[in-house]
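Enquirer: Have a look at the structure that comes next, please.
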Amino acid sequence: MLSYPIKLEDDDGAVLTTSRDFPELTTFGDDRVEALARAADALEEAIAARIHRGREIPSPSPGDNRATLPTLTAIKVVLYQGMRDQGIGKAELARRLGWHLPQVDRVLDVRHRSRLDRMDAALGAIGRHHEVSTKDDPSPTA
């Protein structure tokens with residue numbers, strides 16, 4: 001999973017959230033729990049915008065309060081960064097996979113609920129794969 005540090009500040013009865021990794025991310029909540037939930041949504045939107053514009057997505061920096069990306073979004077970030085690192089564009093990925101460009105657009109779109117087999121294929125085309133693991137959550141919610 002990818003999680004990014006979030007700064008939480010009291011702001012006239014609300015909790016303001018910002019991120020040093022994503023300066024464009026600013027949101028708020030009525031309390032810390034709501035602020036972190038909104039920060040996760042805002043983080044996903046910031047990543048979607050960066051992918052759309054072809055901008056870099058930074059690696060998470062250290063920090064205590066963290067917003068965690070959904071697993072599928074994290075896989076899409078790994079795919080996108082791998083393509084950037086290797087200089088592989090959408091057209092080249094489509095060629096390697098035998099896909100049409102709209103199919104490539106969908107596996108890079110964080111709003112699209114891509115199937116995991118499609119993500120596996122796309123990652124494989126750039127020489128990467130993902131692994132699944134779990135660990136106990138020290139504070140499970142009901």
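What follows is calculated from the coordinates using simple rules that are stated; it is not laboratory data. Predicted model, so just to flag it, every value in this text is computed and none were measured. Cβ placement follows ideal geometry from the backbone for every residue including glycine, while neighbour counts extend to all protein chains displayed.
Enquirer: Using Cα-Cα distances under 8 Å and only pairs 6 or more residues apart, what relative contact order does the chain have, in percent? List each step's numbers first, then the result.
Expert: Numbers: 188 pairs, mean separation 28.9, N = 142.
That works out to 20 percent.
Enquirer: Tilt of helix 71-86 relative to the longest C-alpha principal axis of the chain, in degrees (0 to 90, nearest 10)?
Expert: 60 degrees
Enquirer: With charges only on Cβ, +1 for K and R and -1 for D and E, what is the dipole size of the range 3-68 about its Cα centre, in debye, rounded to 20? The partial results should precede the final answer.
Expert: On the way: 8 positive and 14 negative charges, 90 e Å.
Its charge dipole is roughly 440 debye.
Enquirer: Moving on to the next point. Could you work out how far helix 116-125 tilts from the main Cα principal axis of the chain, as a 0 to 90 degree angle to the nearest 10?
Expert: 60 degrees
Enquirer: Give me the number: length gained by fully extending Val33 to Lys90, i.e. 0.36 nm times residue separation minus the C-alpha to C-alpha distance, one decimal in nm. Walk me through the intermediate numbers first.
Expert: Numbers: separation 57, 0.36 × 57 = 20.52 nm, distance 3.76 nm.
Gain in length upon complete extension: 16.8 nm.
Enquirer: Still on this model: Using only alpha carbon pairs under 8 Å that are at least six residues apart, calculate the relative contact order of the range 3-68 and give it in whole percent. Walk me through the numbers before you get to the answer.
Expert: Details: 115 pairs, mean separation 25.3, N = 66.
Relative contact order comes out at 38 percent.
Enquirer: Rounded to a whole number, what is D in µm²/s for the range 3-68 from Stokes-Einstein with the Kirkwood radius over alpha-carbon pairs (37 °C, 0.692 mPa s)?
Expert: 278 µm²/s
Enquirer: Continuing with this model, one more query. On a 0 to 90° scale, report how tilted helix 32-53 is relative to the longest principal axis of the chain, with both axes built from alpha carbons and the result rounded to the nearest 10.
Expert: For 32-53 against the chain, the angle is about 30 degrees.
Enquirer: So which lysines pass the test for Lys76, namely a Cα distance under 17 Å, with those fewer than 8 places away in the same chain ruled out?
Expert: Filter leaves Lys90.
Enquirer: How many times 2.2 N^0.38 Å is the alpha carbon radius of gyration of the chain? Write down the numbers at each step before the final one.
Expert: Working: Rg = 16.6 Å, N = 142, 2.2 N^0.38 = 14.5 Å.
Output field value: 1.15.
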